[in-house]
Amino acid sequence: YEERGRGILERYPEEQANALVRKGDWNDFEVIARGNHVDIFINGTKVIDRTDEEFADKGIIALQVHVGPPMEVRYK
């Protein structure tokens, strides 16, 4: 997702993504960004492999929690 930009750039099928998530337990979310290429993994499974000429050479990676039912988010 590109904040204030192009919006959602890529989606992994929701049903498949939900199958990867360990509910009520810790999950590994890994982002590897090198130049204009990004790989994203959930619990060791690659869910995004994207090269995009519009990606900035430098910047920040931020995690965003959307409005919804009450939730708790923890990072370690």
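The values are calculated or read from the model by the stated rules, or taken from the named source; none is laboratory data. These figures come from a predicted structure and were not determined experimentally. Every residue, glycine among them, receives a Cβ derived from its backbone with ideal geometry; neighbour counts consider all protein chains shown. Side chains are part of the model used for accessible areas, which takes the heavy atoms of the whole protein and leaves out ligands, DNA and RNA. Shrake-Rupley method; radii C 1.70, N 1.55, O 1.52, S 1.80 Å.
What the table below lists for this structure:
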read-out	value
Filter result (closer than 21 Å to D57 by Cβ and touching a residue at least 24 places away in the same chain (Cβ under 8 Å)) within the range 6-42	R6, L9, E10, V31, A33
When residues of the range 43-73 are limited to those that are in contact (Cβ under 8 Å) with a residue 24 or more places away in the chain and of a type outside the set (A, V, I, L, M, F, W, C), the one farthest from R4 (Cα to Cα)	T45
Residues within the range 8-17 that are at pLDDT 90 or above and surrounded by 10 or more Cβ atoms within 10 Å (Cβ to Cβ), tallied	1
Which numbered condition V67 misses (of (1) open to solvent by 70 Å² or more (accessible area, probe 1.4 Å); (2) β-branched (V, I, T); (3) not in a loop (DSSP other than H, G, I, E, B))	(3)
